[in-house]
Amino acid sequence: MSTEATLVFLTVVGARFVVPLFIPRYPLPAIVTALVLDGIDQSVFQWFGYDPPGYQGYDKAMDMFYLSVAYLSVLRNWTSRPAFQVARFLFFYRLAGVVLFELLHNRVLLLIFPNTFEYFFIAYEIVRLRWNPARVSMRRWVITAGCIWVFVKLPQEWWIHVAQLDFTDTVAAHPVLIPILAVLAVGAALWIWLWLWPRLPEPAWKLHVAADPLPVEMDTAAERDQWVSRHWRVWSAATLEKVVLIGLLCVIYGQVLPGRRSSDLELFLGIAAFVVANAAISLAVARRAGSVESAAAAFGLRAVVNVGLVVGASWLLNQFGGDLNLAVALFFALLLSLLITLDDRFRPVGQLRLESALVASRP
């Protein structure tokens, strides 16, 4: 690979790691940007004469990274309990499907486990631009997810992963598709203008793109620490969810990282141990020392701790004849540190929001 291609590759991969970090603060524009990057990155590589080996595995790993950040931003931002429940199912359903695809290498699995979560997230954030999502019923959120699943994602997943068709080549081979697509686009625009728009409720607020402010009860590190101290336990459903999310994501990345020496099960169990250890550290910090206010500082401190744990584990394994690829282990330590930092900061906010929504829904 030439120097130019290397720089392009590192730039694109760096962008795919950095752009998702804006999703918690600017959900809609950031996830749309991540979606666009996902769609064009292979073309960018090819423009510079580089076709990455194992692109499908790399692409799915980067997809699940930004979807994981999007799911964690759901914890931070969403005020609709029904929408959150639908989103959680859709996210973990897709996560399980991608893991199965990476292990079994059967493209049909991507059709069975479509990425409905992503477009459902976008639909929610479009509603939130001017309307209150908490006023939308579970039935409507389920219908929304079902329509996205059947009419958007199933055709898209079949086109990309099963038929493996290219849009440009298909249109060139069948020019009649151009007027057909134009008619469909005009029909969709007329349906929105003439049928959907007049039936929309009055806007709840002016157009706003940025995420809503944090609840006043949870907008400082000290308040989060108080909540965590009262409500969290190391052995809990929240810790189990973190183990599943981060463990499976690392298994997906493990398929594309060179030099990994552990099996998928060993990797998952190792990550699970780190997540549980971090849960104990987070709880101890909340109860005694207190968390730092800055997210960047919190990530930096956690990364130092986890890198130290990795170096210690590497030394210990060497004493007993074990073998650990330190570079791969450090990558997982940083990825784990980032996701746990976001989870620890956002989960208390989500629990408070959803608890308030549950109380408000009671007669």
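Within the set Ser229, Ser291, the sole residue that is of a type outside the set (Phe, Trp, Tyr), farther than 21 Å from Ser314 by Cβ and either modelled with pLDDT of 95 or more or surrounded by fewer than 17 Cβ atoms within 10 Å (Cβ to Cβ) (or both) turns out to be Ser229. From the list Arg128, Arg88, the one residue that fits, being among the basic types (Lys, Arg), modelled with pLDDT of 95 or more, surrounded by fewer than 18 Cβ atoms within 10 Å (Cβ to Cβ) and within 26 Å of Val359 (Cα to Cα), is Arg88.
I'd like to check something: does region 45-61 contain any residue that is out of contact with any Cys (no Cβ under 6 Å at 6 or more places or on another chain) and closer than 17 Å to Thr116 by Cβ? Looking through region 45-61, at least one residue is out of contact with any Cys (no Cβ under 6 Å at 6 or more places or on another chain) and closer than 17 Å to Thr116 by Cβ.
When we screen Leu330, Leu316, Leu309, Leu335 for residues that are at pLDDT 95 or above and assigned to a helix (DSSP H, G or I), the only hit is Leu335. Of the residues making up region 6-35, those that are farther than 27 Å from Gly350 by Cα, without any contact (Cβ under 8 Å) to a residue 24 or more places away in the chain and of a type outside the set (A, V, I, L, M) number 3.
Of the listed requirements (1) free of Cβ contacts under 8 Å to residues at least 24 places away in the same chain; (2) under 25 Å from Trp232 (Cα atoms), Ala329 misses just one: (2).
Do any helices (runs of 4 or more DSSP H) entirely within region 46-152 hold 1 or more residues that are hydrophobic (A, V, I, L, M, F, W, C) and without any contact (Cβ under 8 Å) to a residue 12 or more places away in the chain, and if so, which? Per the criteria, 81-104, 116-128, 138-147. Of the residues contained in region 48-62, one or more are found to be of a type in the set (A, V, I, L, M) and within 19 Å of Leu248 (Cβ to Cβ).
No other residue among Ala145, Ala221 is modelled with pLDDT of 90 or more, small (Gly, Ala, Ser) and within 20 Å of Pro114 (Cα to Cα) apart from Ala145.
May I ask you to list the residues in region 211-226 that are charged (D, E, K, R), surrounded by fewer than 16 Cβ atoms within 10 Å (Cβ to Cβ) and not in a loop (DSSP other than H, G, I, E, B)? Working first, answer last.
First, pick out the residues of region 211-226 that are charged (D, E, K, R): 212, 217, 219, 223-225.
With surrounded by fewer than 16 Cβ atoms within 10 Å (Cβ to Cβ) added as a condition, the list becomes 212, 217, 219.
Hit for region 211-226 is Glu217, nothing else.
Here is a yes/no grid of residues against (1) more than 23 Å from Arg107 (Cβ to Cβ); (2) surrounded by fewer than 14 Cβ atoms within 10 Å (Cβ to Cβ); (3) β-branched (Val, Ile, Thr); (4) in contact with a helix residue (DSSP H, G or I) (Cβ under 9 Å, 6 or more places away or on another chain):
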| site | (1), (2), (3), (4) |
| --- | --- |
| Gly14 | yes, yes, no, no |
| Thr33 | yes, no, yes, yes |
| Gln42 | no, no, no, yes |
| Trp47 | yes, yes, no, yes |
| Tyr58 | no, no, no, yes |
| Ser68 | no, no, no, yes |
| Leu72 | yes, no, no, yes |
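Suppose the filter is within 30 Å of Glu223 (Cβ to Cβ), at pLDDT 90 or above and either assigned to a loop (DSSP other than H, G, I, E, B) or among the β-branched types (Val, Ile, Thr) (or both); does Val251 pass it? So that I can check it myself, show each step before the final result.
On the way: within 30 Å of Glu223 (Cβ to Cβ): no; at pLDDT 90 or above: yes; either assigned to a loop (DSSP other than H, G, I, E, B) or among the β-branched types (Val, Ile, Thr) (or both): yes.
No, not satisfied.
Once region 93-150 is narrowed to residues that are of a type in the set (Val, Ile, Thr) and closer than 23 Å to Val256 by Cα, the residue that is nearest to the chain's Cα centre (by Cα) is Val98. Of all the numbered requirements in (1) out of contact with any helix residue (DSSP H, G or I) (no Cβ under 9 Å at 6 or more places or on another chain); (2) part of a helix (DSSP H, G or I); (3) within 21 Å of Ile23 (Cα to Cα); (4) of a type in the set (A, V, I, L, M, F, W, C), Leu207 misses one, and that requirement is (2).
The values are calculated or read from the model by the stated rules, or taken from the named source; none is laboratory data. Fair warning: this is a prediction, and the values are worked out from it, not measured in the lab. Please note: Cβ atoms are built from the backbone with ideal geometry, for glycine as well, and neighbour counts cover all protein chains shown.
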